[in-house]
1. Within segment 117-150, restricting attention to residues that are out of contact with any Ser or Thr (no Cβ under 8 Å at 6 or more places or on another chain) and in a loop (DSSP other than H, G, I, E, B), which residue is least open to solvent (accessible area, probe 1.4 Å)?
2. Just checking, does segment 47-65 include any residue being free of Cβ contacts under 8 Å to residues at least 40 places away in the same chain, crowded, with 18+ Cβ neighbours inside 10 Å and touching a Cys at 6+ places or on another chain (Cβ under 7 Å)?
3. Identify, from the list Thr24, Thr29, Thr33, Thr99, the residue that is of a type in the set (Val, Ile, Thr), open to solvent by 50 Å² or more (accessible area, probe 1.4 Å) and outside any helix (DSSP H, G or I).
4. Please enumerate the residues belonging to segment 40-67 that are in contact with a strand residue (DSSP E or B) (Cβ under 9 Å, 6 or more places away or on another chain), among the aromatic types (Phe, Trp, Tyr) and under 12 Å from Ile18 (Cβ atoms).
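The values are calculated or read from the model by the stated rules, or taken from the named source; none is laboratory data. What you are looking at is a predicted structure, and each value in this text was computed from that prediction instead of being measured. Neighbour counts run over all protein chains shown; Cβ positions are idealised from the backbone, glycine included. Calculation scope for accessible area: heavy atoms of the full protein, side chains included, ligands and nucleic acids excluded. Shrake-Rupley method; radii C 1.70, N 1.55, O 1.52, S 1.80 Å.
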Amino acid sequence: MLTVRPAGAGDLAAVAAIYAHYVTETVATFDETPPAAEAWHARLDDLGSRGLPFLVGEAEGRIAGYAYAAPWRPKPAYRHSVEDSVYLAPGWGGRGFGTALLRGVLDGCAQAGMRQVVAVIADTGSEASAALHRSAGFTEAGRLTGVGYKHGKWIDTLLMQYTLG
């Protein structure tokens, strides 16, 4: 069973380890160097100060995944739009944990007064992330072709959008 709860400082080492896997082993993120621990603490503090959700999913005494929403773009007119991120630790997929984390983020975004949630999904050849977002009610908003270059290949991104309220 998964418990979804707000992330705390004590969870950030596990969050960093999960993300580092995706940075170094996949094209699911366009980061090429895993962020330092200080960056995760700064993100937790920043999102908390904005009232935005940063959640972890805990199962069997371990952090099985995390999810958060961060500002979509820095310009003021975008202040009611956020981008979601959902990552599961290797081996924890296929159990509904991504769905639980994404639902928690959407609920937190609604409570924070957000209007739009955008998902920017790297075209990894897997439909898992797009399927997760579709199942939560996201619709496709467009595709950006060849906008990322990682591990020797050009990568597209799929844009999906969810309207709150």
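1. Keep residues of segment 117-150 that are out of contact with any Ser or Thr (no Cβ under 8 Å at 6 or more places or on another chain), which gives 125-131, 133-134, 137-142, 145-146, 149-150.
With in a loop (DSSP other than H, G, I, E, B) added as a condition, the list becomes 125-127, 137-138.
On the way: Gly125: 74, Ser126: 66, Glu127: 112, Gly137: 41, Phe138: 8 Å².
Ranking the candidates gives Phe138 first.
2. Initial filter on segment 47-65 (free of Cβ contacts under 8 Å to residues at least 40 places away in the same chain): 47-49, 60-61.
From what is left, the residues that are crowded, with 18+ Cβ neighbours inside 10 Å are 47.
With the extra rule that they be touching a Cys at 6+ places or on another chain (Cβ under 7 Å), the set shrinks to none.
The answer is no; no qualifying residue exists.
3. On the way: Thr24 fails: outside any helix (DSSP H, G or I); Thr29 fails: open to solvent by 50 Å² or more (accessible area, probe 1.4 Å); Thr99 fails: outside any helix (DSSP H, G or I).
Checking each option against the conditions leaves just Thr33.
4. Residues of segment 40-67 in contact with a strand residue (DSSP E or B) (Cβ under 9 Å, 6 or more places away or on another chain): 43-44, 46-48, 50, 52-59, 63-67.
With the extra rule that they be among the aromatic types (Phe, Trp, Tyr), the set shrinks to 54, 66.
Matches in segment 40-67: Tyr66 only.
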